[in-house]
Structures are given as C-alpha cells and as structure tokens.
1. Restrict the check to segment 218-225 and report whether at least one residue is modelled with pLDDT of 95 or more, in contact with a helix residue (DSSP H, G or I) (Cβ under 8 Å, 6 or more places away or on another chain), within 26 Å of residue 247 (Cα to Cα) and not in a loop (DSSP other than H, G, I, E, B).
2. I need a count of the residues in segment 268-298 that are in a strand (DSSP E or B) and within 13 Å of the ligand (Cβ to nearest atom).
3. Buried (at least 17 other Cβ atoms within 10 Å of the Cβ), touching a residue at least 60 places away in the same chain (Cβ under 8 Å) and either outside the structural domain of residue 188 (by TED's automatic domain parsing) or more than 16 Å from the ligand (Cβ to nearest atom) (or both): which single residue out of 265, 317 fits that description?
4. Can you spot a residue in segment 287-296 that is over 29 Å from the mean Cα position of the chain (by Cα) and either modelled with pLDDT under 95 or exposed (fewer than 15 other Cβ atoms within 10 Å of the Cβ) (or both)?
5. Of all residues in segment 299-314, how many are over 13 Å from residue 106 (Cα atoms), outside any strand (DSSP E or B) and either touching a strand residue (DSSP E or B) at 6+ places or on another chain (Cβ under 9 Å) or within 13 Å of the ligand (Cβ to nearest atom) (or both)?
6. Out of (1) within 16 Å of the ligand (Cβ to nearest atom); (2) in a helix (DSSP H, G or I), what's the single condition that is false for residue 128?
7. Which ranges mark the helices (runs of 4 or more DSSP H) fully within segment 19-125 that have 3 or more residues being within 17 Å of residue 2 (Cα to Cα) and not assigned by TED's automatic domain parsing to the domain that holds residue 193?
8. May I ask you to say which residue of 251, 246, 223 is within 19 Å of residue 191 (Cα to Cα), in contact with a strand residue (DSSP E or B) (Cβ under 7 Å, 6 or more places away or on another chain) and assigned by TED's automatic domain parsing to the domain that holds residue 288?
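The values are calculated or read from the model by the stated rules, or taken from the named source; none is laboratory data. This structure is a prediction, so every number in the text was calculated from the model and none was measured. Every residue, glycine as well, gets a Cβ built from its backbone with ideal geometry; the counts of neighbours run over all protein chains shown.
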Ligand code: DAH
C-alpha cells in the first residue's frame, strides 16, 4: 500500500551513496521528475481514504522533502569534487598554454648575414683564439714596438712573456696572421670573432665587441678588387643603391689603407643625427696587405698581393636596426632581444 511504498523508498533514499555525478542525475530521474516516484506517490495519495490522508499526508510531505534534500546535498558534493579537481589538474578543456620561442641575438643574425654574403664570393670562414700573443695581435701585423695600441690603456694583458706578451686579442686581424702562417696562397677567408679593449663601458664603447675580418691574398690582387668586393657586400647587406666612398687612412698592416663610408642608412644621405648631418657613416677599415705582413707570415710579397678589411659587427647592426646603445647587446634584456627573428632550427 501507499504507506509501505513510502517506507520502502525512504529506506532506499537513506541508503543512497552516490559515487559520481551520474548517480546523482539518475537519482533525480528516478525520484524528482514529472513522472518520477515522488509525483507518482502524490497521485496515489489522491486515491486513498480520508482516514489515511490524515496520517499519510505528513509522512508523504516528509518523504518529498527527504528526496529533495538528498538530491541537493549529493549535487553539492559532486560540484565540490569537480571544482577541486579543476584546481588540482587545471581545466583540461581550456586551450593549451603554448611555449615561448627564443629569438636569435641581433649580432648573430648580422654575423650570419655578413658571412653568407662573403661565402657566395668564395670566402671560407676561419677562426682564431681570443687569448692571443703579441706576435699575432701586433708584431706580425707590423705594429712598431712603441705603437700606442699596445699601451695598457687599450689592451687587456694576461701574462708578461719577454717580448711576446699574452693578451686578449684587440682585433680579429690576428686571425689573418694565423691563417697565412698555416698555409700557402691563395687565401680567401672571412674571420668573425669577439675582441676586447680596455674601455669604459658606455652607450658608444664597450670592453668587448665583435668584428669580422676579411682577407684575400693571391697573385695580382689589386685595390680595384678590394673596392668591387666591398661595394658588392654593401649592396647585398644594405640594399641596391647604397653609395660607398673610400677615404685614405692609416693602419700598420695595410698600405695603402682606407676607411669606407656608406650613404647613411637612416636618412639615405639627406643628413640626420646618426650621420651628424654629413649623409655618410663609416663602416670599416681596409687596405692592401702590407708586404711586411706577408713576409712575416712566410709569403713571397713579390709574387703575391692581397687586400684585407675589418668591421665591427655592432656598428653594422646599429645601422641596420637603428640601435643607439651598445650596452643593449650584452644586457640580455628579453624586451630587447625578443624583437628579433625567431628561427626554428
Ligand atoms: N683591425 C682594425 C681595427 O680593429 C680593423 C681593420 C682595418 C682591419 C683595416 C683590417 C684592415 O684588416 O685592413 O680597427
């Protein structure tokens, strides 16, 4: 009868121990929907005698409240578990976080670009040590003993060694000497590397920076070859139409020597702050290898001639990307570095 049914379902509900949100939903479907048990029992209630109604009305109402409370408690319990799961494992339905790719350092990008241009012209890449002796850094390159560049002011000395002091190389020209000592002409090489000078660090100077040295030695190499090679290089690096000009200069290891300017990459020669309104900016030193240097390296200067050039990678990079402060290159500030190309290699 109705009373028995209520008793039986009350026990079932009291024993309800859901283990998942699915159990909770099944409970709702069984007891609380329009065609569920609670509604069914109320329908049946309409058919019982007035006598019975008096006693069962209260019981039935309590049964209904029990069913509703059991459901809402169970629902809250599983909502809670779902939330704590989300907190522990994260919401697996959210899109992934992704990972940040690093980017190439601007100096590496520019070094690579310079090397690629010269490789196409048949230059090989050579490297030498950063800790160098006096012979390779100075003497073989025709620096007279009293030359100011040997002064403590410019050079970081590592060790005094009667006349062949050990120091951090002050330029990559030392690699020319190592290369020529090792082999026989022809030489056609590009030599990138880090160099050191005893300078106070500022926006315009640093105690270490990077250079690329170039050397071409063979029979009948002329200044015209030097000009054409460097002109081509500038067109490749800064674009067709970039103008070049050579000014006479002096380096102990080249004769004649020159400095090469290019039309300002920022104002295109109109005049701006960077080129100090001259329309030109200097980018490298160059010249014909001094016969003394060839002889110092065991090369017959009557038979062979050559040209050499050297440039600062920082300077080339500054002109390319309009960077005004050298310190940015070594501070490792991600806000600066992340602006450059990302390569997936
Ligand atoms: N070694 C020079 C410097 O550090 C740059 C240089 C000038 C290199 C002329 C050369 C050259 O090979 O021919 O300032």
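1. Here is the first cut: in segment 218-225, the ones modelled with pLDDT of 95 or more are 218-225.
Now restrict to residues that are in contact with a helix residue (DSSP H, G or I) (Cβ under 8 Å, 6 or more places away or on another chain): none.
Checked against the condition, which is being modelled with pLDDT of 95 or more, in contact with a helix residue (DSSP H, G or I) (Cβ under 8 Å, 6 or more places away or on another chain), within 26 Å of residue 247 (Cα to Cα) and not in a loop (DSSP other than H, G, I, E, B), segment 218-225 yields no hits at all.
2. Start the filter on segment 268-298 by keeping residues that are in a strand (DSSP E or B), which leaves 280-289.
Then keep just the ones that are within 13 Å of the ligand (Cβ to nearest atom); that gives 282-289.
Matching residues across segment 268-298 total 8.
3. Details: 265 fails: touching a residue at least 60 places away in the same chain (Cβ under 8 Å).
Result: 317 is the single residue among 265, 317 that is buried (at least 17 other Cβ atoms within 10 Å of the Cβ), touching a residue at least 60 places away in the same chain (Cβ under 8 Å) and either outside the structural domain of residue 188 (by TED's automatic domain parsing) or more than 16 Å from the ligand (Cβ to nearest atom) (or both).
4. At the first step, the residues of segment 287-296 found to be over 29 Å from the mean Cα position of the chain (by Cα) are 287-296.
Then drop every residue that is not either modelled with pLDDT under 95 or exposed (fewer than 15 other Cβ atoms within 10 Å of the Cβ) (or both), which leaves 295.
Yes, segment 287-296 contains at least one residue that is over 29 Å from the mean Cα position of the chain (by Cα) and either modelled with pLDDT under 95 or exposed (fewer than 15 other Cβ atoms within 10 Å of the Cβ) (or both).
5. Qualifying residue count for the region: 3.
6. So the condition that residue 128 fails would be (2).
7. Numbers: elements: 21-31, 37-47, 50-89, 106-120.
Of the helices (runs of 4 or more DSSP H) lying wholly inside segment 19-125, those with at least 3 residues that are within 17 Å of residue 2 (Cα to Cα) and not assigned by TED's automatic domain parsing to the domain that holds residue 193 span 37-47, 50-89.
8. Working: 246 fails: within 19 Å of residue 191 (Cα to Cα); 223 fails: within 19 Å of residue 191 (Cα to Cα).
The unique qualifying residue is 251.
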